[in-house]
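The values are calculated or read from the model by the stated rules, or taken from the named source; none is laboratory data. Being a predicted model, the structure only gives us computed values, none of them experimental. Positions of Cβ are backbone-derived with ideal geometry, glycine not excepted, and every protein chain shown enters the neighbour counts.
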Amino acid sequence: MRRRVIGLETEYGVSFTLGGQRRLSTDEVARHMFRHVVAWGRSSSVFLENGARLYLDVGAHPEYATPECATPLEAVVHERAGDRIVHDLAVRTGEALAAEGIRGEVRVFRNNTDSAGNSYGSHENYLVDRAGDFGRITSGLVPFLVTRQVFAGAGKLLRGPGGTEYVLSQRAEHVWEGVSSATTRSRPLINTRDEPHADAERFRRLHVIVGDSNMSDYACWLRLATTDLVVRMLEERAAFAAPELADPAVAIRDVSRDLSGRGPVRLTSGRTPTALDVQELYLVAVERFVAARHSDDELAEHALGEWRFVLAALREDPMRLERQLDWVAKLRLLEAYRARHDLPADDPRLALVDLAYHDLDPRRGLHHLLVREGRMQRLVDDAAVADAMEHPPRRTRAALRGRFLAAARRAGRDVTVDWVHLKLNEQAQRTVLCKDPLVWQDERVDRLIDAL
Amino acid sequence: MAGTERVSRSGDVPRDDDVVVAEAAAPARELLDGVEDLLDEIDEVLEDNAEEFVRGYVQKGGE
């Protein structure tokens with residue numbers, strides 16, 4: 001298959017508490033965290049030697065954008081590296097605050113909702129060809145995105161006027177339309193703001209913002225791998241009649257509220273297939289597409305096999321997927337914890353379990369606890385994550401950026417980089433533009449590094 | 001085979017297909033295997049003042 005790059009951006013939630021009581025606002029915590037970053041990078045946005053971007057986003061969410069990754073699995077490795085980097089930053093911040101006499105604990109969460117109904121995201125980026133029919137790709141993708149929460153959802157204990165209910169997705173309750181260029185107000189599933197961070201004549205960036213943040217390696221990987229395949233199928237204009245949803249915002253909530261995967265998805269035709277039916281439709285179409293055009297692609301075959309396995313398991317009994325899917329693992333924990341302490345559904349301790357599942361702290365986060373004890377299926381090991389904290393992907397543009405930054409540090413030279421530019425900030429003011437995210441070797445960059 | 005958990009060699013990155021395969025950190029077990037011990041651990045690490053913590057967990061909206 002033609003190569004592409006994938007990237008993930010994660011907005012994290014933060015808190016600073018003592019004895020459970022909030023001691024600093026999120027603004028203040030995030031600013032303290034970024035004092036280190038600001039002092040070092042002279043800006044609240046820095047690029048790291050592994051090619052990633054670490055920054056303070058609108059609304060004071062620390063955000064980590066992975067470098068350009070060549071495969072879904074590589075993106076998962078770099079997501080985990082980002083978690084470690086952000087967690088380490090939180091630990092140092094706690095120490096710095098303690099040294100100033102401000103006692104408390106910094107916590108960072110890889111989740112999507114807080115207690116006031118605010119939502120923040122896990123955003124996926126897929127590089128697509130400018131020549132493709134972008135409108136057809138995005139509209140064809142919407143029903144898939146609305147229903148993939150059956151395996152990609154992170155689960156949520158949702159409190160409402162009628163009581164407390166466990167739903168598949170953290171993000172589904174927030175207002176959604178199909179596709180839009182607005183970002184914070186109207187909450188599109190796919191954001192079409194066209195900043196490809198690449199040669200705009202050749203590439204576009206498909207920016208999916210509806211995903212839940214996954215703690216599970218497997219769920220994160222499957223989410224990316226399946227979405228990537230669906231996008232490719234649409235991009236290559238394989239024969240496929242995408243269903244059309246009557247109302248994506250309603251459908252995404254209906255799907256979220258039915259843990260069996262049989263939440264109805266109303267189509268414009270009037271039919272109401274279940275979420276699993278819609279997923280099956282996409283799976284069959286992608287299987288056909290891969291068999292016809294890319295039958296030698298092992299990664300695609302593997303992803304299809306896992307997707308088929310998961311959908312079959314979801315049809316039979318979703319709870320069998322407790323080692324793979326975040327929403328199932330978390331539900332198991334909630335049920336067991338609730339039974340032990342005989343708690344009502346709206347007990348704050350259950351809401352805390354829901355949140356603690358997403359805590360990045362390896363000693364306190366519940367997902368981390370499960371992983372440590374071999375209770376979750378892992379896809380990436382500690383060595384790979386440690387490597388990704390320091391080193392960029394080897395076969396994308398990130399390799400050039402990472403090499404340049406490392407060389408600049410060793411040489412003690414002042415440089416500025418972004419996704420496209422590598423700049424030596426001195427008399428010569430030399431800049432190299434890297435406009436192709438797929439290119440990892442470049443003589444111009446070699447020469448720039450020699451000049452350091 | 002689909003659904004089979006892969007236990008394989010350690011984190012070498014094969015040059016050709018950028019795939020990293022995981023070495024199992026611990027032998028695979030069911031999520032709730034030895035559930036009482038698991039729940040004990042959760043009780044230990046969970047924040048004491050749940051109500052306060054949850055109520056105070058307020059972020060701003062992101063993208």
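Brief remarks follow.
- Taking the listed residues A:Glu95, A:Glu9, the one that is without any contact (Cβ under 8 Å) to a residue 24 or more places away in the chain, among the charged types (D, E, K, R) and either under 23 Å from A:Ala225 (Cβ atoms) or in a helix (DSSP H, G or I) (or both) is A:Glu95, with no other qualifying.
- Looking only at the stretch A:156-176, residues that are loosely packed, with under 14 Cβ neighbours inside 10 Å, more than 17 Å from A:Leu350 (Cα to Cα) and touching a residue at least 40 places away in the same chain (Cβ under 8 Å) come to 1 in all.
- The residues of the stretch A:400-413 that are of a type outside the set (A, V, I, L, M, F, W, C) and farther than 14 Å from A:Phe47 by Cβ, listed by number, are A:Arg410, A:Gly412, A:Arg413.
- A:Leu283 aliphatic (A, V, I, L, M), part of a helix (DSSP H, G or I) and touching a helix residue (DSSP H, G or I) at 6+ places or on another chain (Cβ under 9 Å): yes
- Screening A:Ala251, A:Ala219 for residues that are touching a strand residue (DSSP E or B) at 6+ places or on another chain (Cβ under 6 Å) and part of a helix (DSSP H, G or I) leaves exactly one candidate, A:Ala251.
- For the stretch A:311-330, filtered to residues that are within 21 Å of the chain's Cα centre (by Cα) and assigned to a helix (DSSP H, G or I), the residue that is surrounded by the fewest Cβ atoms within 10 Å (Cβ to Cβ) is A:Leu321.
- In summary, helices (runs of 4 or more DSSP H) completely within the stretch A:364-432 and bearing 1 or more residues that are within 14 Å of chain B (Cβ to nearest Cβ), without any contact (Cβ under 8 Å) to a residue 12 or more places away in the chain and farther than 30 Å from B:Glu36 by Cβ occur at A:382-390.
- Single match in A:Ile85, A:Ile102 (criterion: outside any helix (DSSP H, G or I) and β-branched (Val, Ile, Thr)): A:Ile102
- Within the stretch A:230-253, residues that are under 14 Å from A:Ile190 (Cβ atoms) reach partners that are small (Gly, Ala, Ser) and part of a helix (DSSP H, G or I) with beta carbons closer than 8 Å, at six or more positions or on different chains, in the pairs A:Val230/A:Gly140; A:Leu234/A:Gly140; A:Ala242/A:Ser139; A:Ala242/A:Gly140; A:Leu245/A:Ala251.
- Any chance A:Ala351 is in a helix (DSSP H, G or I), closer than 29 Å to A:Pro62 by Cα, facing chain B (nearest Cβ under 10 Å) and in contact with a strand residue (DSSP E or B) (Cβ under 8 Å, 6 or more places away or on another chain): yes
- So A:Pro344, is it surrounded by fewer than 24 Cβ atoms within 10 Å (Cβ to Cβ), over 23 Å from the mean Cα position of the chain (by Cα) and either away from chain B (no Cβ under 11 Å) or part of a loop (DSSP other than H, G, I, E, B) (or both): yes
- The residue list A:His87, A:His78 contains one member that is in contact (Cβ under 8 Å) with a residue 12 or more places away in the chain and within 29 Å of A:Val128 (Cβ to Cβ), which is A:His78.
- Members of the stretch A:49-82 that are in a strand (DSSP E or B) and either more than 28 Å from A:Asp436 (Cα to Cα) or among the aromatic types (Phe, Trp, Tyr) (or both): A:Tyr55, A:His61, A:Tyr64
- The stretch A:8-43 - residue that is buried (at least 16 other Cβ atoms within 10 Å of the Cβ), more than 14 Å from chain B (Cβ to nearest Cβ) and within 22 Å of A:Arg80 (Cα to Cα) and, of those, modelled with the highest pLDDT: A:Phe34
- Filtering the stretch A:240-272 to residues that are under 17 Å from A:Ala312 (Cβ atoms) and surrounded by fewer than 19 Cβ atoms within 10 Å (Cβ to Cβ) leaves A:Ser260, A:Arg262.
Every residue, every condition in (1) more than 14 Å from chain B (Cβ to nearest Cβ); (2) modelled with pLDDT under 95, yes or no:
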| residue | (1), (2) |
| --- | --- |
| A:Thr192 | no, yes |
| A:Asp199 | yes, yes |
| A:Phe203 | yes, yes |
| A:Asn214 | yes, no |
| A:Val250 | yes, yes |
| A:Val278 | yes, no |
| A:Val286 | yes, no |
